[in-house]
Amino acid sequence: MNFLTRRLNMMLSVLIIGFLPHQEMTDYIPLESLEKDEQIENLIFERIDHETLHGAVFMIENDGEVTEAASGNLDLDTPISIASVTKMFTASVIFQMVEADMLSLDDTIDMYLTPEEYSGLHVYEGAEYSGSITISQLLSHTTGLPAYAESEAEGLTLVEDSIDNGETFTFESKLDDAKGKGARFINGTAAYYADINYDILGEIIERASGGTLESQYESYIFEPLGLSDTEFADDADTVPPVTVGGEPRDITPILANMRASGGIVSTASDLLTFTKAFFEGEMFDTAFIETEMQDIQFLFHQYGSGVMKFDVTEEIPMLRLYPLTGHAGITGSFAFYNESLDAYIIGTTNQADDPMLTYELIQQFLEVTETEE
């Protein structure tokens, strides 16, 4: 998700120029005369240029009706990298472990990490706050820890190493990277989105449960919800290439390294099932996610406990864009809920080059959904 910074900070100028309306697919058939799934499939097909976008999958549920469409090199049942949408899964496990009295949101990381691991992790203006970082702060990205995908020094970042050279990076190397960059603020005083927060949560899940990350996700999420096509990337048979830098790239190495912060592979159908369960209280009390949201570094984005929100309604009401609550990922993946339409919208554009494209299509498809009501 940290790769989104450069592109999302360009959204304001583009959106002010004018939100791109949907176009008609042919000279002979008005788009509005087609069924909803056909409209969406045609809108995807229009945008496929085989440079940035090679294929996409979208699934929308509204008033109990599911509309699904896929085009290009992806099918409806293609396993897709959900990238940082994984964070909603990680938060779900944490919430259920809290309900089972296995841990508390107020627990500090010094209860789970060794002194060698956490010492020097959060140093701000000469004072160390490492041991006081809480699980709640990790969930909401209010720790002040830096993002390891945004290197302030020359050379490859850990993530670029993983993609370009097949390098693996361990939990220890992620901690060392954070220690080298330093904290951005005192924990609990602001919010800054950083994958390291959820990497630490993954370690806490394993250490508090005594089991593997896979076993806990299976026990708390995959099995109860019947997610038979959802697993970690390093266990998946195939993950379709993702467009990075204009070229389809095998990103399996980076996904295998992300784990709790972004390592899950799923299908649109499984992801829809999970997202509904997440917001409707099927796995945990929704009070966990009904928390105050704070601004993060991505334009028009806020973050709460396990979820992000995209909303421009207060800042630029004339754009009339639909607010979205859920999560997005570097690969163009997304799992969002829109309250006004009572609609879930799930899928991927399977590319890391143009985050704005994903948001444009989401807005267009929600417009189709509202028009069809």
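The values are calculated or read from the model by the stated rules, or taken from the named source; none is laboratory data. Model, not experiment: these values are computed from the prediction. Backbone-built Cβ (ideal geometry, glycine too); neighbour counts: all protein chains shown. Quick note on the areas: whole protein, heavy atoms, side chains included, nothing else; ligands and nucleic acids left out. Shrake-Rupley method; radii C 1.70, N 1.55, O 1.52, S 1.80 Å.
Taking into account only those residues within region 232-250 that are among the β-branched types (Val, Ile, Thr) and either in a helix (DSSP H, G or I) or within 18 Å of the chain's Cα centre (by Cα) (or both), which is surrounded by the most Cβ atoms within 10 Å (Cβ to Cβ)?
242
Rundown of residues vs (1) at pLDDT below 95; (2) open to solvent by less than 20 Å² (accessible area, probe 1.4 Å); (3) more than 20 Å from the chain's Cα centre (by Cα), yes/no style:
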{"site": "174", "(1), (2), (3)": "yes, yes, no"}
{"site": "186", "(1), (2), (3)": "no, no, yes"}
{"site": "189", "(1), (2), (3)": "no, no, yes"}
{"site": "199", "(1), (2), (3)": "no, yes, no"}
{"site": "202", "(1), (2), (3)": "no, yes, no"}
{"site": "214", "(1), (2), (3)": "no, no, no"}
{"site": "230", "(1), (2), (3)": "no, yes, no"}
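Where in region 251-310 are there strands (runs of 3 or more DSSP E), lying fully within it, with 3 or more residues that are over 20 Å from residue 80 (Cα atoms)? Please lay out each step first, then the result.
Numbers: elements: 264-266, 301-303, 308-310.
Ranges flagged: 301-303, 308-310.
Is it the case, given these coordinates, that residue 336 is within 28 Å of residue 148 (Cβ to Cβ), among the aromatic types (Phe, Trp, Tyr) and open to solvent by less than 10 Å² (accessible area, probe 1.4 Å)? Criteria met by residue 336. Restricting attention to region 194-232, the residues that are free of Cβ contacts under 8 Å to residues at least 40 places away in the same chain and either more than 24 Å from residue 347 (Cβ to Cβ) or out of contact with any helix residue (DSSP H, G or I) (no Cβ under 7 Å at 6 or more places or on another chain) (or both) total 11. In this structure, does residue 106 turn out to be open to solvent by 40 Å² or more (accessible area, probe 1.4 Å), charged (D, E, K, R) and either at pLDDT below 95 or under 30 Å from residue 351 (Cα atoms) (or both)? Spelling it out, it is not the case that residue 106 is open to solvent by 40 Å² or more (accessible area, probe 1.4 Å), charged (D, E, K, R) and either at pLDDT below 95 or under 30 Å from residue 351 (Cα atoms) (or both). I'd like to verify a number: residues in region 76-92 that are part of a helix (DSSP H, G or I) and either crowded, with 24+ Cβ neighbours inside 10 Å or of a type in the set (D, E, K, R) (or both), how many? Adding up the residues that qualify gives 8. Would you confirm whether or not region 59-72 contains a residue that is on the phi > 0 side of the Ramachandran plot, touching a residue at least 24 places away in the same chain (Cβ under 8 Å) and touching a His at 6+ places or on another chain (Cβ under 9 Å)? Checked region 59-72: at least one residue is on the phi > 0 side of the Ramachandran plot, touching a residue at least 24 places away in the same chain (Cβ under 8 Å) and touching a His at 6+ places or on another chain (Cβ under 9 Å).
Selection over region 93-103 of residues that are surrounded by fewer than 19 Cβ atoms within 10 Å (Cβ to Cβ) and touching a residue at least 24 places away in the same chain (Cβ under 8 Å) gives a count of 3. Answer yes if at least one residue in region 350-370 is closer than 19 Å to residue 198 by Cα, open to solvent by less than 40 Å² (accessible area, probe 1.4 Å) and either in a loop (DSSP other than H, G, I, E, B) or charged (D, E, K, R) (or both), and no otherwise. No, there is no match, as no residue in region 350-370 is closer than 19 Å to residue 198 by Cα, open to solvent by less than 40 Å² (accessible area, probe 1.4 Å) and either in a loop (DSSP other than H, G, I, E, B) or charged (D, E, K, R) (or both).
The set of residues in region 109-129 being among the hydroxyl-bearing types (Ser, Thr, Tyr) and open to solvent by less than 10 Å² (accessible area, probe 1.4 Å) is empty. Looking only at region 177-225, count every residue that is assigned to a helix (DSSP H, G or I), touching a Lys or Arg at 6+ places or on another chain (Cβ under 7 Å) and not hydrophobic (A, V, I, L, M, F, W, C) and tell me the total. Residues flagged as assigned to a helix (DSSP H, G or I), touching a Lys or Arg at 6+ places or on another chain (Cβ under 7 Å) and not hydrophobic (A, V, I, L, M, F, W, C) within region 177-225 amount to 3.
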